[in-house]
1. Could you order peptides 170-176, 428-434, 105-111 by the average number of other Cβ atoms within 10 Å of their residues, highest first?
2. Any chance you could check the Cα centroid distance between segment 52-109 and segment 165-197 for me, in angstrom?
3. Quick one: grab the alpha carbon gyration tensor of segment 366-428, order the square roots of its eigenvalues as a ≥ b ≥ c, and give me rounded if a/c is under 1.5, else prolate or oblate depending on whether a/b is larger than b/c.
4. Applying the Karplus parametrisation 6.51 cos²θ - 1.76 cosθ + 1.60 with θ = phi - 60° to the phi angles of segment 139-146, what ³J(HN,Hα) value in whole Hz is obtained for each residue in order, glycine and proline being reported as x?
5. What whole number of Å gives the distance from the Cα centroid of segment 370-437 to the Cα centroid of segment 448-508?
6. Kindly list the residues of segment 221-264 that lie in the label zone of ARG374, defined by a backbone N under 20 Å from the point 7 Å along the Cα-to-C-beta vector.
7. Which length gain, in nm to one decimal place, applies between GLU448 and LEU252 when the Cα-Cα distance is subtracted from 0.36 nm times their residue separation?
8. Rank these by accessible area, largest first, 1.4 Å probe: TRP451, TRP46, TRP239.
Amino acid sequence: MLNKPVLVESLIVFAIVLFVHAVVWDRYSWCAVALAVQAFYVQFKWDRLLQLGGAVFQFRTGANSGLLPASMVIPLLGIAMKERCKSAGIVYFERFGIVVASTGMLVALFLSVIAVGITKPVPTNTCILTGVAGSIIIYTMKHSLTVSEVIEVLEVLLIFVYLSMILLYLLPRCFTPGEALLVLGGISFVLNQLIKRSLNVIEGRGDPIDFFLLVAVVGVVLLGLFFTVLFLFMDSGTWISSLFFHMMTAVLGLGVIMPWLYRLIQRNPLFWLLQFLFQTQTRVYLLVYWTFLAASACGVVFYQNAKRSSESKKHQASTITRKYFHFIVVATYVPGLIYDRQLLYVAAVLCLAAFIFLEYIRYFRIKPFGQTLRHLLSLFLDERDSGPLILTHIYLLLGMSLPVWLFPRSCAPKGTLSGAGALVPYAGVLAVGVGDTIASVFGSTMGEIKWPGTKKTVEGTMTAIFAQIIAVALILIFDSNVNLNSSYAWILASVSLVSLLEAYTTQIDNLLLPLYLQIMFMA
């Protein structure tokens, strides 16, 4: 039997699916509902495999599989994007949304088939449901996608299969099946898009900042794969290995990544970046302000470590202490969203690349800073960092940045969507920066009534909903581009559902919550 928290989490996801498709019901809605029903049943098989240790790879402990909430994210994003671009009359991105939705459905279906295939004895009813859902999805794809789009979907699936086999083997206990679906599925799609755009660069489609994101993500992932394989055969903690690491990083960066980006944007990437960053006085002010906040975050890390040294080596940062970084991130993103979203877009990409590169240095113990980073960051570990990588701070950055990166600018007249869609870039700020932070702080300090089967409190959730509504009111006051057009009931329902999901999910909330809030706002 499914335990109560998993059941409630599933009901919340079903509610979000039905809310979205009540607005945008079409042939893809049948596919999404069928996918959700079969993912609900297959999730039970995954949970059983994890409990019995029968999964092929080692997944993160202390959490359920998360297959249902993860399976619906990419398809719903694609469907919402399709509808927005269709109403704006942008056919290219309407087709792109269909490809995104189809890719998400097929990748999620593949993960379900894997679970059913390795379950013993074979679950007959679940096999039938998976077969029916697969038939509906494939039939719809056959009558919706062109041949080139079908090939593109299959390319992403192939990349996902190989990437999953490599990364889940090399990085045990870092992901649940649902988190692996989201992270590796996203990386697979980005890699395929980069290859496709590199081959069709003559067409001149796309903004340089979009190319910058694609190249940066693929570059740091390939860099990590290269060094992971390399350090299987040599000790990464020596000075010779560390020197080789820095030299090869420079060679790969200057010899592969920079020329690749040059081919896409048709100009020198370094000159373009410097010109972009210092183009206006507002950008200079924002960069100085963000530098101050980054120094403040480093100060919190050093202060907490000094406190640990003076008190006890077993001292761990409290929940409230970890939420300091959420407040700092909110203070970082809000001015960027109001004054210069393009600068925020590029700065978030640079921060992501820097965070991942520093994690490589920590993980491989690269001298001279590897061991120091291990010591400093160990203070902020929680139960979700059970694998060899520390990913929570990267997930926080992703959760805040994904709504900015995935905002359909080409389908938004005057750079903003109408109604609740105007809040799409703020989804990370609202869900993680405000909602999750307030729920955690108030729930841990004043909460008494717990949601059944969880450690989260009713007071924390209610306070989070109220805080997000206040934040929306402040956004309306300070951001003149936001016009909600009386869609207040939809915003309240969206915020409430996502806050309830935060209370019951055992997945990485920093990653999951902003995506679901973005889906609701876009619908």
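1. My ranking of the peptides, most packed first, is 428-434, 105-111, 170-176.
2. When both Cα centres are located, 13 Å separates them.
3. Details: a/c = 4.59, a/b = 2.91, b/c = 1.58.
Prolate, since a/c reaches 1.5 and a/b exceeds b/c.
4. Per-residue couplings from phi come out as 4, 5, 4, 4, 9, 10, 9, 7 Hz.
5. About 16 Å separates the Cα centre of segment 448-508 from the one of segment 370-437.
6. Only 224-225, 227-246 fall inside the zone, counting backbone N under 20 Å.
7. This chain segment gains 65.2 nm when fully extended.
8. Working: TRP451 50, TRP46 10, TRP239 160 Å².
Result, largest first: TRP239, TRP451, TRP46.
The values are calculated or read from the model by the stated rules, or taken from the named source; none is laboratory data. Bear in mind the structure is a predicted one, so any value in this text is a computation, not a measurement. Because the Cβ atoms are built from the backbone with ideal geometry, glycine has one as well, and the counts that use them run over all protein chains shown. Only protein heavy atoms, including side chains, enter the accessible area calculation; ligands, DNA and RNA are left aside. Shrake-Rupley method; radii C 1.70, N 1.55, O 1.52, S 1.80 Å.
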